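Everything on this sheet refers to the single structure shown next.
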Amino acid sequence: MGNKAVTLSAAALAVVVGGIIWTHEARKDEGSTQGISQNQIPNAANESVKDRAPSQSVEGGVDLRNDSRVRHPFPEVPKTRDGMSFDNDPGYAESKAEQKWLDRHGFPNEKQLDAYMGAPEALLKQASEAGDKVAQTILDARLLASDPMAQQRLVDAGAEGNLFALNMLASFQGGSASGDPVAAYAVSRVAEMRGDTRASVTREVMMSRSLSTEQRMLGESEALRLNAEIDRIYTSKHGRAPVLDKRPIGQ
């Protein structure tokens, strides 16, 4: 990807996350959030990722185990990038292979982003109950400041291959007043380890302040621990190690 496209991709994530963080801070100012700490990522000793059976993709953002009785509130919004151009892709895909990778790992397409970012939480919840994992991720990102389990759900989603969920968690930790920059660095590195090779570009944009050498070392240590814990859970459920699905840049 050219330098201009790299800059645009990082800026696009910053805009998305900025809108989510603005919502968090507005709620805090109104006194409507609960006083919880978001300064720790799950610890293998006492906050390990829940033992769900993870997969290495999220099937184009749709949970195939959804409840068909729940009506999706946005039936007209496409769930994949099939047939879409590269021009306005919020993930800045440069090939069909990269478009499919973004779909597999939970990243919203242009239509989803337009519809969901301004949608009320009730509609996002309904979409999530209908099996829409992109809607669930955006909803959980909004709830990080008020729901103690939102962070865990995003990590669980990341264990199932949803790298957009890890990006959203890292961005909140890196840009919110209640976040932890070391945790942000660690979660972003996990996303990179699990195949998002462009996470290193967006990582510097999402951080509200630079990390010291000591903080980076701690972040690397935490990233290795969390990534190993996710691998352990995958192996325990599937009897094999997860297969790395690396973002196909330049293909």
Skipping prolines and chain starts, which residues have an amide H placed within reach, meaning under 5 Å, of the one on Asp132, given they are 5 or more residues away or on another chain? Asp63
Using a Förster radius of 30 Å, what is the FRET efficiency between Glu214 and Val243 based on their Cβ-Cβ separation? Nearest 0.05, please. 0.30
Taking Ile230, Ile249 and counting other beta carbon atoms within 10 angstrom, the fewest-first order is Ile249, Ile230
Tell me, what ³J(HN,Hα) does each residue in segment 132-146 have, in order and in whole Hz, if you take phi through Karplus 6.51 cos²θ - 1.76 cosθ + 1.60 with θ = phi - 60° and put x for Gly and Pro? 7, 6, 5, 4, 4, 5, 5, 5, 5, 4, 5, 8, 4, 7, 10
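What length, rounded to one decimal in nm, is gained on full extension from Met149 through to Leu123, with 0.36 nm per residue of separation minus their alpha-carbon distance?
7.4 nm
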Residues of segment 195-214 with backbone nitrogen within less than 18 Å of a virtual label 7 Å along the Cα-to-Cβ line of Asp231, please, listed as ranges. 195-197
Looking at this model, which pairs from Lys96/Lys246; Lys125/Lys246; Lys79/Lys100; Lys79/Lys133; Lys100/Lys237; Lys100/Lys133 are more than 21 angstrom apart at the alpha-carbon? Lys125/Lys246; Lys100/Lys237
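The numbers here are math on the coordinates, done by the rules we state, and not lab data. Remember, it's a predicted structure, so these values are computed and weren't measured experimentally. When we count neighbours, we look across all protein chains shown, and the Cβ atoms used for this are built from the backbone with ideal geometry, even at glycine.
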